[in-house]
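Here's the structure, in structure tokens; my notes come after.
The values are calculated or read from the model by the stated rules, or taken from the named source; none is laboratory data. Just so you know, these numbers come straight off a predicted model, no measurement behind them. Counting neighbours? That spans all protein chains shown, and the Cβs are built from the backbone with ideal geometry, glycine included. Heavy atoms of the whole protein, side chains included, go into the accessibility calculation; ligands, DNA and RNA do not. Shrake-Rupley method; radii C 1.70, N 1.55, O 1.52, S 1.80 Å.
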Amino acid sequence: MPDGERRLRLISLLVGHGPDIQTSRLCEVSAEATGMSGAGIMLMSEDVPRGSICTTDEASARIEELQFTLGEGPSVDAYVQDRPVAEPHLARASRPRWLAFTPAALEVGAQAVFSFPLHVGAVRLGSLNLYCDRPGGLTDDQHADALVMADVAAQAVLLLQANAPPGTLAKELEAGGEFHYVVHQASGMIAVQLDISIARALIQLRAYAFANDRPLAGVADEIVARTLRLDELAAD
Amino acid sequence: MPREAMLTRTFVELADSLVADFDVVDVLTLLTSRCVEVLGVAAAGLMLVGIDGNLRVMASSSEGMRVLELFELQSQQGPCLDCYQTGLPVSNVDLATARRRWPRFTPEAIAAGFRTVHALPMRLRGNVIGALNLFHQDPDEMEESDVEAAQALADVATIAILQHRAAIEAQVLNEQLHLALNGRIIIEQAKGIVAERRHLNMEEAFYALRNHARNRRLMLVDVANGVIDGSFDLSELDSSDAQPAS
């Protein structure tokens, strides 16, 4: 199928009535068109996952959150290396890849994961993540659909943001997204509690979450609610 | 070529032109030519609103159509302007009965050989960014399926314009995105610092920062940056600031 026809088919699935693109449809159409179990779109900056603008189901939300918590996974690799990343058989990964992410992703039901960088020209924004509850690679057709969807999604993200007031994230990106702002609030609190920099505070928070096998945002919630203090742990 | 096949071919041509660098005027001109072939109209023209809020003729299927569209803009009356101003389609207006509606445009359009006129809005997020004019030489009415096909072409043109914008402004738009993402993170971090130092909850910390910024006409993100790098003395924060309104 020529690329133009593929793009047209995917755009027509996205727009429905009129040219306004719904953020949630970006993920839904990505999953539907490629026959995957679910999809998520992660925004990245400075090689760090910043949050997801959409996910299609519980498992894809968990997969995004895992990568946000751990700072590793297919979306991070796809973004950093600026090329598609495929792991069609997570349970039998040929190379040791994503030591923390892989077992956790298997636990939420992913057997195969694929990630495609979102870029417009030389500009990189994040990645489109697909997961499947059965192992197996993408066909050429599925791969081509995913590439076009990543391209369309990248342009859609930029266009949605173009209409936002300066300095604020577009409400369309925020609405169905998950940016775990509580993690940054908790980092600020920990920086004061331990008298360290914000960057160090975030490292401490991640280390605690990882060591206790808990989601970063869940730990951050407790810090902000003042039911958990890392300085008390440090003093133990 | 059957009409459905021609319509499909047009969509494919337009979609192909979205792929890489493309000249948006070329795409829109292609669209007007295809409207003539696919929809069986005599002429088609496309106007877009510029940043100054005024409509401009972007593409026309013929030179005669271009001249008539320029006249429409100059006289500030006609189907494209009505469509743009109301955001609603102008359908099947017989020029024989339109002299009162458009006293200057109507005789000009009749002299150019047209009889029936239509205009479809190019819509985006509830805003109208332009209009597609379709002119017939006979009094035949456009069927509902033709109007739908024309509106679909107008929507594809809208996406073409948008994708073009994303491609040429990618660098700037991406910087805006990163500023927004990073700015929000800085504000959340500063809230955490203020909450901990001043024994406030997150909401109170936010109001304290926001009201401080507002009262001194500072950007919230700049105040937040000062909190994080230590250049802003937190004792300057008024406890009465930690309320919804200052």
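Summary of computed values
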item	result
Distance in nm between pseudo-label sites at B:GLN74 and A:ARG134 (7 Å out along the Cβ direction from Cα)	6.7 nm
Label-point gap, in nm, between B:ASP26 and B:ASN127 - each point 7 angstrom along Cα→Cβ	2.7 nm
Modelled FRET efficiency - R0 41 Å, A:ALA144 with A:ILE196, Cβ distances, 0.05 increments	0.30
Other protein chain Cβ atoms within 10 Å, averaged over every residue that makes up A:45-53	2
Range in chain B, longest, excluding exposed trypsin sites (Lys or Arg not before Pro) [loop by DSSP; at most 10 other beta-carbon atoms within 10 Å]	B:101-215
Electrostatic dipole magnitude of the range A:185-236 [Cβ: Lys, Arg +1; Asp, Glu -1; Cα centre; debye, to 20]	160 debye
Shielding score for B:163-172, defined as the mean number of other chain Cβ atoms within 10 Å	6
Per residue value of the accessible surface for the range A:181-235 (all protein chains in place, 1.4 Å probe), Å²	47 Å²
For the range A:7-135: relative contact order, % (alpha-carbon pairs under 8 angstrom, 6 or more apart)	25 percent
Sites A:GLU32 and B:ASP222 - FRET efficiency at Förster radius 35 Å, r taken between beta-carbons, to 0.05	0.20
Helix B:3-17 vs. chain B, principal-axis angle (Cα, 0 to 90°, nearest 10)	40 degrees
Alpha-carbon centroid distance for the pair the range B:51-81 / the range A:59-87, whole angstrom	49 Å
Modelled FRET efficiency - R0 60 Å, B:ASN92 with A:GLU58, Cβ distances, 0.05 increments	0.75
Reference-scaled alpha-carbon Rg (2.2 N^0.38 Å with N residues) for the protein assembly as shown	1.18
Accessible surface of chain B, 1.4 Å probe, proportion on carbon and sulfur as whole %	50 percent
Volume in Å³ per residue [convex hull over Cα atoms, computed for the range A:3-175]	111 Å³
Cα-based equivalent ellipsoid, the range A:181-235: semi-axes from gyration tensor eigenvalues, Å	14, 12, 11
